[in-house]
1. Considering every residue within the stretch 182-190, establish whether at least one is surrounded by 15 or more Cβ atoms within 10 Å (Cβ to Cβ) and assigned to a loop (DSSP other than H, G, I, E, B).
2. Quickly run through the stretch 151-178 and pick out the residues that are touching a residue at least 60 places away in the same chain (Cβ under 8 Å), part of a loop (DSSP other than H, G, I, E, B) and either hydrophobic (A, V, I, L, M, F, W, C) or open to solvent by less than 20 Å² (accessible area, probe 1.4 Å) (or both).
3. Within the set of pairs 6 or more residues apart or between chains, which connect a residue that is under 12 Å from Val215 (Cα atoms) and hydroxyl-bearing (Ser, Thr, Tyr) inside the stretch 107-131 to a residue that is part of a loop (DSSP other than H, G, I, E, B) and open to solvent by 50 Å² or more (accessible area, probe 1.4 Å) with Cβ atoms less than 8 Å apart?
4. Just the residues that are over 21 Å from Ala83 (Cα atoms) and either in a loop (DSSP other than H, G, I, E, B) or not small (Gly, Ala, Ser) (or both), please, taken from the stretch 42-67.
5. Take the residues in the stretch 103-118 that are of a type in the set (D, E, K, R) and not in a strand (DSSP E or B), then tell me which one is nearest to Arg4 (Cα to Cα).
6. Tell me whether the stretch 125-133 contains one or more residues that are of a type in the set (Phe, Trp, Tyr), surrounded by 12 or more Cβ atoms within 10 Å (Cβ to Cβ), at pLDDT 95 or above and under 12 Å from the mean Cα position of the chain (by Cα).
7. Any idea which of Gly49, Gly116 is open to solvent by 40 Å² or more (accessible area, probe 1.4 Å), over 29 Å from Ser217 (Cβ atoms) and at pLDDT below 95?
8. Give me a count of the residues in the stretch 217-229 that are surrounded by 15 or more Cβ atoms within 10 Å (Cβ to Cβ) and in contact with a helix residue (DSSP H, G or I) (Cβ under 8 Å, 6 or more places away or on another chain).
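The values are calculated or read from the model by the stated rules, or taken from the named source; none is laboratory data. Everything numeric here is computed off the predicted structure, so don't read it as measured data. Cβ placement follows ideal geometry from the backbone for every residue including glycine, while neighbour counts extend to all protein chains displayed. Keep in mind that these areas ignore ligands, DNA and RNA; they rest on the heavy atoms of the full protein, side chains included. Shrake-Rupley method; radii C 1.70, N 1.55, O 1.52, S 1.80 Å.
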Amino acid sequence: MCGRMVLTRSAKEIAAAFDVVSIDDGLAISARFNIAPTQDIAAIREVAGEGRRLSLLHWGLVPFWAREKSIGSRMINARAETAVEKPAFRAALRRRRCIIPADGFYEWLRPAPEAGAKRKPPSIPHYFTARDGNLLPIAGVWEEWTDKESGELLESCALLTTEANADVLAVHHRMPVILASRDVATWLDPKIDSADPLAGLLVPAAAGRLVATRVGSVVNNARYDAPDCIAPAP
């Protein structure tokens, strides 16, 4: 599972890193150190004949058939192994894919309780970033949903997750699908409308690509968003 992310780059920096040709009008991206589900996150989509576009999407996919927007809070991640079978994700996986750019993401180590302990020990947050310092291209899917009462149009997304690689496994058994640079174009290609050619991309990142830093407990509060979220724990 991936439930928190960091993105500190500007829209122009993101566009340069991923060959984006257009940015949504009025889009402003400020440095975020504790992005949580149900908030808006940056996403890159490719429009046939127009190229890549940078937008903000609601984190928590709301299927087009959903009755209420609140279902999105339970759809922040899609398991790569089963997304093609799930009604909420299968159409999006075939036709509506995106890249979620991130400086890094958090996972929590849950230590085993000591024998006889009455309470579980607190979880220990870790921050994962690219060893080379580049943005991580996380594979995502997106959907459109219209509120039948208000007419509100909502564009939302979910992150694909897979088994943890050696960099993450000591902390958590799952991780986001982080695409290799060479696979970004394939993932975004609007001409691909089948999940079959994409299966080989939905795998753990190569070992050694990520660096883990143990961070302080301030990140546990989803409402707290400041640079000390990514500071190494004392």
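1. no
2. Within the stretch 151-178, Val168, Ala170, Val171, Val177 qualify.
3. Ser123/Arg110
4. Of the stretch 42-67, the ones over 21 Å from Ala83 (Cα atoms) are 42, 47-56.
Within the stretch 42-67, Val47, Ala48, Gly49, Glu50, Arg52, Arg53, Leu54, Leu56 meet the criteria.
5. Among those residues, the one meeting the criterion is Asp103.
6. Taking every residue of the stretch 125-133 in turn, none turns out to be of a type in the set (Phe, Trp, Tyr), surrounded by 12 or more Cβ atoms within 10 Å (Cβ to Cβ), at pLDDT 95 or above and under 12 Å from the mean Cα position of the chain (by Cα).
7. Exactly one residue qualifies, and that residue is Gly49.
8. First, the residues of the stretch 217-229 that are surrounded by 15 or more Cβ atoms within 10 Å (Cβ to Cβ): 218-220, 225, 229.
Subsequent filtering for residues that are in contact with a helix residue (DSSP H, G or I) (Cβ under 8 Å, 6 or more places away or on another chain) retains 218-219, 229.
Of the residues in the stretch 217-229, 3 are surrounded by 15 or more Cβ atoms within 10 Å (Cβ to Cβ) and in contact with a helix residue (DSSP H, G or I) (Cβ under 8 Å, 6 or more places away or on another chain).
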